[in-house]
Amino acid sequence: MVYNSNYKLRPYIFFYSLVIIIIFNTNVYSQFKQDSTKKINYLLIPLIFRSPETLWSTGVTGSMSFKTSDKNDLLTRTSTIQGVIMFTQRHQNVQALDATIFFPKETYIFSIQASHSYFPDKYWGLGSNTTDNQKENYSYNQVYVNPHLKRKITKRLFAGLLYEYQNVYHMHYIADKNYDTTIVYGKTDYVVSGIGNSLAYDTRNSSYWPTKGMLILGSYTYFNNYIGSKYNDLKTIFDMRYFKTFIKYNVLAVQLYNYSNIGQDPIRELAMLGGATNLRGYYQGRFRDNNMVTLIAEYRIPIYKRFSTCIFGGLGNVYNKVSEINKKDVKESYGAGVRVAILPKEKLNIRIDYGFSDRRNKGLYFTVGECF
């Protein structure tokens, strides 16, 4: 198994590629008008990605946006189906589908995440006190499917049913090292399969770039041998987001997030701090354990037409038991970034962020969509 890339892509190649893509996207923008008279709008563009987990990546993304009801129906948000294929400098490859469909008057909301990936990754051990010299490489293949159907109970309250399937296979790691000696489930090939419920209160005015409202989401997923899971586990998620507009359309966005496991939680189901949708600057999984809590704030500022900027900061930690949370050991990160709207009407953005925590934990993120 080859863990490290044996080639280096020169920075100027990425610079010129980025210029070409910006020019290409500008042409797409000039031709792609979100015509409200059309039932469906399509967009297909090449993209360059960047994150500490992947380094530079190239790929293509496509989206389809539409309304399931009349275009004048203000009670129904725009539905979007997105797909992405990417290949990375670390020899990773990911194929993913992400869709959210709002049925007329949002009586039902259906969402699904599905992906296949081959992913050489890094591992430091369990807990909040792992050191940099514990880092080692491992790799895996994964198939992931997570459909979620929500039904409106009252105007802004939704109850849901969900299913989660994860098949992790072809795992490779170094014998007798940190990963091999860690006491954790799922170090060999496994499948987890679980069903669950959710309850959400959602007053946001947009799925991608809300300017007001809040989301309070609680869910649990129960993995059991009787429904095809190798391990028995109970996973709970609490996600609260708040959005407030200030003068000149500046937006304050805040997220409180808690992820918890009880039972036989395998390694790919553990809480992993960091990444493009968590504490930016930390490699996703730099710290991992059964549970995690994070608090993130962003201040989003429009600049000119399709362009906006953002400053952000966050703190949090992983933990095994609540009593283990130590205020002196809280992880923190901060940074700033710019946004370029791909779908201006829906504010689906290309996001370029730089997150920083300390000399060893920092990174550039070049992705699609917001952190939350």
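Would you confirm, using the coordinates I've provided, whether S260 is modelled with pLDDT of 95 or more, surrounded by fewer than 20 Cβ atoms within 10 Å (Cβ to Cβ) and of a type in the set (G, A, S)?
Numbers: modelled with pLDDT of 95 or more: yes; surrounded by fewer than 20 Cβ atoms within 10 Å (Cβ to Cβ): yes; of a type in the set (G, A, S): yes.
Against the criterion (modelled with pLDDT of 95 or more, surrounded by fewer than 20 Cβ atoms within 10 Å (Cβ to Cβ) and of a type in the set (G, A, S)), S260 qualifies.
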Considering each of L315, L295 in turn, give the residue that is more than 24 Å from F49 (Cα to Cα), out of contact with any Asp or Glu (no Cβ under 6 Å at 6 or more places or on another chain), open to solvent by 50 Å² or more (accessible area, probe 1.4 Å) and modelled with pLDDT of 90 or more.
L295
What is the number of the single condition among (1) under 24 Å from I342 (Cα atoms); (2) open to solvent by less than 40 Å² (accessible area, probe 1.4 Å); (3) in contact with a Leu (Cβ under 7 Å, 6 or more places away or on another chain) that I101 does not meet?
(3)
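Out of the residues in the stretch 62-81 that are within 30 Å of Y283 (Cα to Cα) and surrounded by 20 or more Cβ atoms within 10 Å (Cβ to Cβ), state the one that is modelled with the lowest pLDDT.
At the first step, the residues of the stretch 62-81 found to be within 30 Å of Y283 (Cα to Cα) are 62-63, 80-81.
Subset that is surrounded by 20 or more Cβ atoms within 10 Å (Cβ to Cβ): 63, 80.
On the way: S63: 83, T80: 87.
Result: S63.
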So in the stretch 166-189, with the set limited to residues that are in contact with a Phe, Trp or Tyr (Cβ under 7 Å, 6 or more places away or on another chain) and farther than 28 Å from T131 by Cβ, which one is least open to solvent (accessible area, probe 1.4 Å)?
Q166
How about the stretch 266-277: which of its residues are open to solvent by 10 Å² or more (accessible area, probe 1.4 Å), of a type outside the set (A, V, I, L, M, F, W, C) and part of a loop (DSSP other than H, G, I, E, B)?
T277
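Within the stretch 258-273, track down each residue that is out of contact with any helix residue (DSSP H, G or I) (no Cβ under 9 Å at 6 or more places or on another chain) and free of Cβ contacts under 8 Å to residues at least 60 places away in the same chain. Outline the logic, then answer.
So the first thing to find is which residues in the stretch 258-273 are out of contact with any helix residue (DSSP H, G or I) (no Cβ under 9 Å at 6 or more places or on another chain), and the list is 258-260, 262-266, 268-273.
Selection gives N258, Y259, S260, I262, G263, A271, M272, L273.
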Residue by residue through the stretch 82-110, note down the ones that are of a type in the set (V, I, T) and more than 24 Å from L44 (Cα to Cα).
T107, I109
Looking at this structure, is S333 among the hydroxyl-bearing types (S, T, Y), in contact (Cβ under 8 Å) with a residue 40 or more places away in the chain, more than 23 Å from Q82 (Cβ to Cβ) and touching a Lys or Arg at 6+ places or on another chain (Cβ under 9 Å)?
yes
Only one of (1) more than 22 Å from N129 (Cβ to Cβ); (2) under 17 Å from the mean Cα position of the chain (by Cα) is not met by G314, so which one is it?
(1)
Quick one: which of D132, D70 is over 30 Å from S229 (Cβ atoms) and without any contact (Cβ under 8 Å) to a residue 60 or more places away in the chain?
D70
Out of the residues in the stretch 327-372 meeting the condition of being closer than 20 Å to F243 by Cβ and out of contact with any strand residue (DSSP E or B) (no Cβ under 8 Å at 6 or more places or on another chain), tell me which one is most open to solvent (accessible area, probe 1.4 Å).
K345
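Could you list all residues from the stretch 331-348 that are of a type outside the set (G, A, S) and part of a strand (DSSP E or B)?
Residues of the stretch 331-348 of a type outside the set (G, A, S): 331-332, 334, 338-340, 342-348.
Within the stretch 331-348, K331, E332, Y334, V338, R339, V340, I342, L343, L348 qualify.
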Selection count, the stretch 157-191, where residues are closer than 12 Å to R268 by Cβ and in a strand (DSSP E or B)
9
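Can you name the residue in the stretch 197-238 that is part of a loop (DSSP other than H, G, I, E, B) and touching a Leu at 6+ places or on another chain (Cβ under 7 Å) and is also farthest from T107 (Cα to Cα) among such residues? Spell out how you get there, then give the answer.
Here is the first cut: in the stretch 197-238, the ones part of a loop (DSSP other than H, G, I, E, B) are 203-212, 224, 228-232.
So of that shortlist, the ones also touching a Leu at 6+ places or on another chain (Cβ under 7 Å) come out as 204, 208.
Numbers: R204: 16, Y208: 20 Å.
If we take residues in the stretch 197-238 being part of a loop (DSSP other than H, G, I, E, B) and touching a Leu at 6+ places or on another chain (Cβ under 7 Å), then Y208 is farthest from T107 (Cα to Cα).
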Name every residue in the stretch 255-286 that is polar (S, T, N, Q) and over 14 Å from the mean Cα position of the chain (by Cα), in order of residue number.
N258, S260, N261, Q264
State which residue pairs qualify: first residue closer than 15 Å to P210 by Cα and inside the stretch 226-247, second residue in a loop (DSSP other than H, G, I, E, B) and open to solvent by less than 50 Å² (accessible area, probe 1.4 Å) in any location, beta carbons under 7 Å apart, and separation of 6 or more residues or different chains.
R241/F372; F243/R204; F243/P210; F243/T211; T245/T211
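The values are calculated or read from the model by the stated rules, or taken from the named source; none is laboratory data. As the structure is a computational prediction, the values presented were derived from the model and not from experiment. When we count neighbours, we look across all protein chains shown, and the Cβ atoms used for this are built from the backbone with ideal geometry, even at glycine. Ligands, DNA and RNA are excluded from the accessible area calculation, which covers all protein heavy atoms including side chains. Shrake-Rupley method; radii C 1.70, N 1.55, O 1.52, S 1.80 Å.
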